[in-house]
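One structure below.
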Amino acid sequence: MKFLTTVAVLALSTSAALANCDPGETVIKFSHVTNTDKHPKGIAAALLQSRVNEEMNGTACMEVYPNSTLYNDDQVLEAMLQGDVQLAAPSLSKFEKFTKKFRIFDLPFMFVNMEAVDAFQNSDAGQEMLSSMERRGLVGLGFWHNGLKQFSANKPLEMPGDAAGLKFRVQPSDVLVAQMQALDASPQPMAFSEVYGALQTGVVDGQENTWSNIYGQKFFEVQDGITETNHGVLDYMVVTSADWWDSLPDDVRGQLGTIITEVTQERNAAIAEVDAENRQAILDAGGVIRELTPEQRGAWVEAMKPVWAQFEEDVGAENIEAAQKIND
Ligand code: LMR
């Protein structure tokens, strides 16, 4: 790579951070859908890029394409299997068509906080999930945190009944569809890049997402307010194609794998801070955040918890039990 300083790479925030690769370097295209400034995935991808381009200069060269500029999450895994992109980090909900085991992360109120999510992902059950899609040609290289999800709508949401009859954008996931049906709401699966427009024009009334996505996509600007429900988790799997990964020379694969692991540990350890910063940024920009009383929160739990039974067979009762033990 023609040398770009870390600062210069991080400064290329809104458009693709192209690295100006040299002939002979293995080009690693990393495509993702979020913004980069303040965003857990954007920050981690920029750090990964700067480390690869400094430490593997002459061998490998990473280009990052954020903001759905190359592919959206519906397209990226197919593109990866075709060899058109080498790395991505879609949310765990997007892997549902490859393995139903990941549905555990979408089940409402499965994890009490991000420490519990982290512990589950690092347990044997979690680590096995990274290799669960190998027969479909995909290899997981690590879990990246984003955070817990909150609901927002074009009217105040205090009790679960307030969501009844409203249209909510959800990620394409059967569990999230069932979750909204449990609230008597109408789930509308939709690509991330289309959500702001859909909220603005009233195609949907509400949505669920994390602080960083609500801030980064400015959803709060076109909603009445956000209710701090912390009802689900939105995390990522860094994924590559098994064919491409296996084709790398051992030393290159080893060095890249080590950098990915170190970036994963460093950025996951900072997640509470990044989430709090995004929550605060919403307030600073004039967004409304509603906190729930314990009674109100209990009502949301009661309304959505029946969804677990619907998917117990897919995710494995033993995994639900393991997750609950970690919560305790
Ligand atoms: C979404 O579709 O809402 C998220 O998965 C986007 C993301 O990558 O955080």
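The values are calculated or read from the model by the stated rules, or taken from the named source; none is laboratory data. This structure is a prediction, so every number in the text was calculated from the model and none was measured. Quick reminder, even Gly has a Cβ in these numbers, built from the backbone with ideal geometry, and neighbours come from all protein chains shown.
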Checklist outcome for this item: Okay, helices (runs of 4 or more DSSP H) sitting entirely in the stretch 267-328 with 2 or more residues that are modelled with pLDDT of 95 or more, of a type outside the set (G, A, S) and touching a Phe, Trp or Tyr at 6+ places or on another chain (Cβ under 6 Å), I get 271-284
Item to check | Selected residue (criterion: surrounded by the fewest Cβ atoms within 10 Å (Cβ to Cβ)) from residues of the stretch 214-234 that are of a type in the set (S, T, N, Q) and in contact with a strand residue (DSSP E or B) (Cβ under 7 Å, 6 or more places away or on another chain) | outcome: N230
Checklist entry - Can you name every residue in the stretch 183-211 that is within 24 Å of V307 (Cα to Cα) and within 9 Å of the ligand (Cβ to nearest atom)? => result M190, A191, F192, Q207, E208, N209, T210
Checklist outcome for this item: Expected output for the stretch 82-94 (first residue more than 13 Å from L130 (Cα to Cα) and of a type in the set (A, V, I, L, M), partner in a loop (DSSP other than H, G, I, E, B) and more than 7 Å from the ligand (Cβ to nearest atom), Cβ below 8 Å, 6+ apart or cross-chain) is V85/L70; V85/Y71; A88/Y71
Item to check | Identity of the residue in the stretch 24-42, within 16 Å of the ligand (Cβ to nearest atom) and surrounded by fewer than 19 Cβ atoms within 10 Å (Cβ to Cβ), that ends up modelled with the highest pLDDT | outcome: K38
Next on the checklist: Could you check the stretch 1-23 and list, in sequence order, the residues that are surrounded by fewer than 17 Cβ atoms within 10 Å (Cβ to Cβ) and modelled with pLDDT of 90 or more?
Outcome noted: D22, P23
Item to check | Complete set of residues in the stretch 265-276 that are more than 17 Å from K149 (Cβ to Cβ), of a type in the set (D, E, K, R) and in contact (Cβ under 8 Å) with a residue 60 or more places away in the chain | outcome: E266, R267
Item to check | Restricting the stretch 91-105 to residues that are assigned to a helix (DSSP H, G or I), of a type outside the set (F, W, Y) and away from the ligand (no atom under 11 Å from the Cβ), the residue that is surrounded by the fewest Cβ atoms within 10 Å (Cβ to Cβ) | outcome: K100
Checklist entry - Which is under 29 Å from T229 (Cα atoms), free of Cβ contacts under 8 Å to residues at least 60 places away in the same chain, of a type in the set (S, T, N, Q) and part of a helix (DSSP H, G or I), of Q75, Q127? => result Q127
Next on the checklist: Checking the structure you have, find out if any residue of the stretch 151-158 is within 14 Å of the ligand (Cβ to nearest atom) and out of contact with any Lys or Arg (no Cβ under 8 Å at 6 or more places or on another chain).
Outcome noted: yes
